[in-house]
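Notes follow once the structure below has been shown.
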Amino acid sequence: MAGDAGAFDRFVAHFRAKVFQYSWLMCGQREDAEEVAQDTLLKAFESFDQLREPERVRPWIFRIARNACLMKRRKSVFAPSRELSLDEFLPAMEREGGQVKLQIADWSGLPDQEMLRSELKGVLDKAIGELPETYKSVMLMRDVEELSTQETAHVLELSEDVVKTRLHRARLAVRQKLDSYLQSAGGVRVGTA
Amino acid sequence: MLEPHERSEKCKEMFSLLSEYLNMELPADACREMEAHISGCAPCVEFTESLKKTVELCREYEPEELPAPLGDAAREELLGAYRKMMATRTD
Ligand SMILES: [Zn+2]
């Protein structure tokens, strides 16, 4: 981090928003999320000498944020729970005249079709928001923040295998909700095997 | 040629590995097996595409909620910690 005042303001503006959004999605409370953002930035400045690799500042900040978020909760939202079963996300398949058919929406207009996209934003918001916390935290790190599997494992104190397992289920759950929405909006296309 | 029943068992197996496949985290042999299956299975192609698009949408996703503007007291507190940090840095 450079020593000028501009660098300070840019750093604070960027990470304050990021950490706020993460905590907001994890805790659902605006006040808590703002406090978590403030506490995280303070802690980051206070312990900056502990950051060994400056290029890994994002996972480092998110790890502080995750811990600050945990402090806000009496009951851990990150507590392990039963893994969702993959079968819950298998698309409906049916055999018809010896052929396997898959019931799935028409996704071909995405992501280019502007209107679909803006409508989907709300659906996506809801789909991510409704994920069980253990899955949501993984998806936010891996797909939204685009941290690596290894970085996410470090931030959330999970094994890389658990990160992979949960990410897959989180994606499938979100895909399923988007698919239901697309089916209701545009009808069903039946893929044939 | 696989029977429809065998095919859906294979599809299920592929289904469990799709995210690792999309993330290019599969070992080379598993990846080849996946590609071999997918290339001959229309439902798997279609499902994989929809999952890939889900990931694309998530990558572009930006939560709408923003924090309230940073108050003066909070900014001062942060700036104090920042200055302290800069002062103790040796490099
Ligand atoms: Zn298949």
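The values are calculated or read from the model by the stated rules, or taken from the named source; none is laboratory data. Just so it is clear, the structure is predicted and the values come from calculations on it, not from any experiment. Neighbour counts are summed over all protein chains in view; Cβ atoms, including those assigned to glycine, are modelled from backbone coordinates with ideal geometry.
Brief remarks follow.
- Residue match in the range B:82-90 (condition: assigned to a loop (DSSP other than H, G, I, E, B) and away from the ligand (no atom under 15 Å from the Cβ)): yes
- Residue among A:L156, A:L124, A:L110 that alone is touching a helix residue (DSSP H, G or I) at 6+ places or on another chain (Cβ under 7 Å), modelled with pLDDT of 95 or more and crowded, with 17+ Cβ neighbours inside 10 Å: A:L156
- So A:K136, is it among the basic types (K, R) and surrounded by fewer than 20 Cβ atoms within 10 Å (Cβ to Cβ): no
- The one condition from (1) more than 20 Å from A:Q103 (Cβ to Cβ); (2) facing chain A (nearest Cβ under 9 Å); (3) in a helix (DSSP H, G or I) that B:C44 does not meet is (1).
Let's see how each residue does on (1) touching a Ser or Thr at 6+ places or on another chain (Cβ under 8 Å); (2) surrounded by 18 or more Cβ atoms within 10 Å (Cβ to Cβ); (3) at the interface with another protein chain (Cβ under 8 Å from one of its Cβ atoms):
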site: B:E25; (1), (2), (3): yes, no, yes
site: B:D29; (1), (2), (3): no, no, no
site: B:P63; (1), (2), (3): no, no, yes
site: B:P69; (1), (2), (3): no, no, no
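- Test: residue in the range B:59-79 that is within 24 Å of A:D161 (Cα to Cα) and either assigned to a helix (DSSP H, G or I) or within 16 Å of the ligand (Cβ to nearest atom) (or both): yes
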